[in-house]
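Take a look at the structure set out below.
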Amino acid sequence: MTTTAKILIVDDNPNNRLAIRTILKGIDAQLDQAGNGFDALTMAIENEYALILLDVQMPEMDGYEVCEQLRADSRTVDTPVIFLTAAYKENIDKMRGYSAGATDYLTKPLDDHILKAKVHVFLRLYRQYQQLQENNAALSLAASVFESQQGIMISNADNIIVRVNKAFTEITGYSSKEAVGKNPRLLKSGRHDTDFYRGLWQSVQNTGSWQGEIWNRRKTGEIYPEWLTITPVKNDKAITHYIGTMTDITEYKIAEEEIHRLAFYDPLTGLPNRRLVMERLQYGIDLCSRDGKLMALMMLDLDNFKPVNDSLGHLAGDELLQQVAKRLLDRLRNIDMVARLGGDEFTVLLEGITHADDAASVAKSIIADLNKPFYLDIDRKQEVRIGVSIGISLYGKHGKSPELLLDHADAALYKAKDNGRNCFAYFSEDLTIAARKRIELESRLRQVIENDELRVFYQAQVDIATDRIIGAEALIRWQNPIEGFTSPWQFINFAEETGFIVAIGEWILRETCRQGKQWLDAGLSPIVLAVNVSPHQFRRSDMPGVVANALKETGFPAHYLELEVTESGLMDNHDKTRLMLDNLRQLGIQLAIDDFGTGYSSLSYLKHFPITKLKIDKSFIDDIPYKQDDMAIATTIIVMGHILGFKVLAEGVETPDQLAFLQEKGCDSYQGYIKSRPLPAQEFEELLHNQQSIR
């Protein structure tokens, strides 16, 4: 006769044991408890337990050691063990727990529904297993047992199926005729690897049985989960048969998934809830701490949601929340997390961002999206408009725990509301101001070409031997309508980060060629005009096409155009770089290496590039003649350049001493304030006229 099932609760914290007993109150089982691993082992050996709920972290003997001891004893080897582990260590404890012999695991804090559901399943399996053990002693094939609700499959010592029952047919779809004589592999799903099956049979051989969850395949091809127990039958000499008993647990898995959905997801929007946000936050914090990455948490509160909800009703409010959730999901990346905390409050978790300002860019786009009208299906299409206020906290800068990041994002949210709503704010005011300036800069910068706000200034390049202007470097300037002329360092780096430098670079190339052709047509002496090429532009495979189009559109002679490529950009992807430079040289233009001496280029590669000029970086000229190292470096570059057949130009020449040194060392040309600062086109044209007039 089946005895009362017993469950052993093992936890060194009496409050945790009490909480579990309270959750399981009313379960048809005797609840025993142990406060440490030693007592748990003693009680498990002296009693037959249907299930052991085992805490991982305990003093003296932790859950892993307890589980290993249970599996090493023939009296407890088959007792199911569910590990109770902290959520933030879930993956680590899961792997170690299964290695130690755990059957399943649950994370703390325990969910009442999930715990009850799992306990019910193990109690049912325990009672079925008891019944099977009682009725199948010595391979009794009594019909009352064999035709039970569980599927039964009996195979011989060679693991060939010799008999199956009706329940087996109902579960798998295979008739007795189709199954008998076959290997049980006909049920194999393909979801488990070789190690899984090897471990299964090792357990059967070493411990006398195996039980656990397995995925099999029905005759129809459908893959389904089942609870399987394999027990060998022996005579005095060896194993003669194997009995496999199976229970289809599809409904249990569906119920388990539903319980998980209810526990971790918002039922209205389907988004993760606060509980899942906290787990994901902790996981993201662990990654950031380990890999040095950046993460942002955004707290969103809908503006004007309450009037919509009050005036149009809760059904309309619910539909609006669902549409907001969809817009947020459509806006963000797959790796980002959108969650609903409750009411009209949402959170967005941005992982793996590059800059703190990235969060501001996302916030700006979310605000724009949620400012667009929503249309609700109530009686007729009802247009409503809302807004959103956003608070942002950054991992590391504003907290290193889920609780702090949430609290500080919430505080920043209230700051955004105080600033007038429909805007965002960082927890730090400094970051808020910087991010807003960056966004304003980005917005204005994207309009500079269309609004004709870019200008080209020209700085003279002078032949040292004759002191005559032989060329000019084209330098970009932004005539900001708000702040006037903006220095390049304030916007070039940002333009490169956003990729807008490509459009700016193409504009300055065309404008320089246009201006050069205009000067030639005006009768001015021909000079070489040098245009800087950003590494972002240079990586474009169509750069030769861009240059060819600019020359064709403007009619500027190719041999008067020089492209300046940075040394670091030149050394990136040598083969592709050389091919592109060859294609550019075939157009007839000249090529110079800008800022030479700062990029650690290799002479073995440099000599193969079709370069016409080296430009000594200004940093090596500034301290001439006071620093011997800079003088030696400048001298070396001049000599090396001439040996390789290059012309050499020095940048940033500002004093007579510097110019005298360069003249002594044989440098070909220079540019710098000693001759002229960068000038607008009209003023530079006057400089050229003055030079022609004194011939």
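Only the coordinates and a few stated rules stand behind these numbers; no lab work does. Keep in mind the model is a prediction, meaning the values are calculated, not measured. Glycine gets a Cβ as well: all are built from the backbone with ideal geometry, and neighbour counts include every protein chain shown.
Remarks
- The value of relative contact order for the chain, using C-alpha pairs under 8 Å at least six residues apart, is 6 percent.
- The residues ARG333, ARG510, when put in order of fewest to most other Cβ atoms within 10 Å, stand as ARG333, ARG510.
- Karplus (6.51, -1.76, 1.60) ³J(HN,Hα), θ = phi - 60°, over region 97-103, in Hz, Gly and Pro reported as x: x, 5, 5, 7, x, 5, 8
- Shape of region 451-524, Cα gyration tensor, a/c cut at 1.5: prolate
- Close amide H contacts of TYR265 (hydrogens built in the peptide plane, cut-off under 5 Å, sequence separation of 5 or more or a different chain): ASN273.
- Karplus 3J(HN,Hα) series, Hz, for region 336-341 with 6.51 cos²θ - 1.76 cosθ + 1.60 (x for Gly, Pro): 7, 10, 10, 9, 10, 7
- Helix 543-554 axis, angle to the chain major axis (alpha carbon atoms, nearest 10°): 40 degrees
- Fewest-first ordering of THR250, THR4, THR347 by other beta carbons within 10 Å of each residue's beta carbon gives THR4, THR250, THR347.
- Each of [x] 98, 63, 60; [y] 122, 70, 53; [z] 122, 70, 46 is a candidate for Cα extents along the principal axes in Å; the one calculated from this structure is [y].
- Relative contact order of region 454-693, defined on C-alpha pairs under 8 angstrom at six or more residues apart (%): 21 percent
- Selected from THR636, GLN211, ALA44, residue furthest toward positive end of dipole (the chain; charges at beta carbon): GLN211
- Mean ellipticity per residue at 222 nm, deg cm²/dmol - from DSSP H runs of n ≥ 4 across the chain, formula -39500 (n - 2.57): -13500 deg cm²/dmol
- Cα long-axis angle, helix 357-371 against the chain (0 to 90 degrees, to the nearest 10): 80 degrees
- Rounded tilt (10° steps) of 314-331 against the dominant C-alpha axis of the chain: 60 degrees
- Cα shape, region 137-254, gyration tensor, a/c 1.5 rule: oblate
- Shape class of region 614-663 from the alpha-carbon gyration tensor: prolate, with a/c at 1.5 or above and a/b greater than b/c.
- Packing-based exposure ordering (other Cβ within 10 Å, fewest first) of THR354, THR231: THR354, THR231
- Look at the dipole of the chain built from charges on Cβ: of VAL648, TYR197, VAL162, the Cα furthest out on the positive end belongs to VAL162.
- Under-5 Å amide H pairs with ILE470, H placed in peptide plane, nonlocal only: GLN461, VAL462, ASP463
- Its Cα centre serving as origin, the chain has a Cβ charge dipole (Lys and Arg +1, Asp and Glu -1) of approximately 1760 debye.
- The residue list TYR242, ALA263, TYR252 was ranked by how far each Cα lies along the charge dipole of region 238-293 toward its positive end, using unit charges on Cβ atoms, and ALA263 comes out on top.
- Part-to-part distance (alpha-carbon centres) for region 19-80 and region 654-681, which is given in Å: 86 Å
- Assigned charges on the beta-carbon of Lys, Arg, Asp, Glu; region 265-445 dipole about Cα centre (debye): 380 debye
- Phi-based couplings in Hz for region 35-47 (Karplus 6.51, -1.76, 1.60; Gly and Pro marked x): x, 7, x, 5, 4, 4, 5, 4, 5, 5, 6, 7, 10
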